1. If neighbour count is taken as other Cβ atoms inside 10 Å, put 215, 153 in order from fewest to most.
2. Which order do 92, 229, 290 fall in if you start with the one that has the fewest other Cβ atoms within 10 Å?
3. Along the Cα→Cβ direction, 7 angstrom out, place labels at residue 327 and residue 368. What is the inter-label distance in nm?
4. Given C-alpha coordinates of the range 140-237, what is the ratio Rg to Rh with the Kirkwood estimate of Rh?
5. Quick one, what does Rg over Rh come out to for the range 108-188 if you take C-alpha atoms and the Kirkwood Rh?
6. Test of understanding: ordering 173, 421, 427 by Cβ neighbours within 10 Å, fewest first, what list do you get?
7. Just to be sure I understand the model, the point goes 7 Å from the Cα along the line to the Cβ. What's the resulting residue 358 to residue 68 distance in nm?
8. Could I have the simple spin-label model distance between residue 210 and residue 288, label points 7 Å from Cα toward Cβ, reported in nm to one decimal?
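Laboratory data are not the source of any read-out in this text; all were calculated from the coordinates shown. Computed from a predicted structure; not experimentally measured. Positions of Cβ are generated from backbone atoms using ideal geometry, with glycine treated the same way; all protein chains shown enter the neighbour counts.
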């Protein structure tokens, strides 16, 4: 063996250094909802959509990366039909982009500051979206950069957001897979510019604030109540930490979940899915700003996953924060709450639905009533004048067993896609 046969092995001696402006990335999980839009476009939008699909296909194929880490690649999804069985997809947001320059401050490394895992059950009746804190201190596996061939040693305890610098999207996928025990078949990454372009294309997303928030760090400046945000203001809402809740990354996750829930509701209730201009804009934004895994780098894959997701009831799409808590051993970081995390992923692995405890949104947001929701219809009553002591004889009867209510997992924070929440301003 010659020296040229030996690939470099890099030793990590400590955390990757951030640049001057230490700001988190936007929530890249908007990508998964974009897939729903692309699905409908591919099926029904005709020649304009065909052109968009061709463009997206070329761009995706050129940018796709291998996340298999030496394992067998997932089977190709069926053409224009729902995915058979369940699947797992990781979407990450990076804090650096070659095209952004110094627009968001100087950075000497690219970090995966937003990490969101989507799981859809095998029967397509439930979905779980898990947000992982960027400063979650966990073990990191050995990673090989599929582009350079560089190998990075495993680490016993480092923040999750260092994984991208150790092998790109493939290393983040392997790190989250090792942590959760899930096989992650699909992955995608985007950055600041991606969120700006995609929120512009969709025409804005309604978000709610309990009180006005003006935060100079992120640029967020919104009044109390509901505002429709897009572009830079949407990015500011997703990046904002110091102005919301207790100023922590966990409080910001609640705002990100509010945004995603609202985006899903908007997609389902508005005319987005039938608006060719918005569909074409979304397809173009996706092709230009998303780095997909090879398993996702085709319209067929995105359509199949989208068709699997689009009919899941909003109340059965559960957004949760990965269970974490502060630790004196790692100042300003968090560590896993192992028992709660084990209970969560046991449910996910078994495809068993679960529910959140009451008041589970944490300090970052508050659940509010939906002003547009119809009033509940009263249950039918007995005919006027009927003898209340006489039982009805025409009431339908059934011996069908009543399904058990999903188990509550104590300690989880989050919300469902059906719940409307408002961001709480920062409090000491």
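1. With the sparsest Cβ surroundings first, the list reads 153, 215.
2. 229, 290, 92
3. 3.8 nm
4. 1.13
5. Ratio of gyration radius to Kirkwood radius: 0.99.
6. Going from sparsest to densest Cβ surroundings: 427, 421, 173.
7. The two pseudo-label positions are separated by 5.1 nm.
8. Between residue 210 and residue 288, the label points sit 3.9 nm apart.
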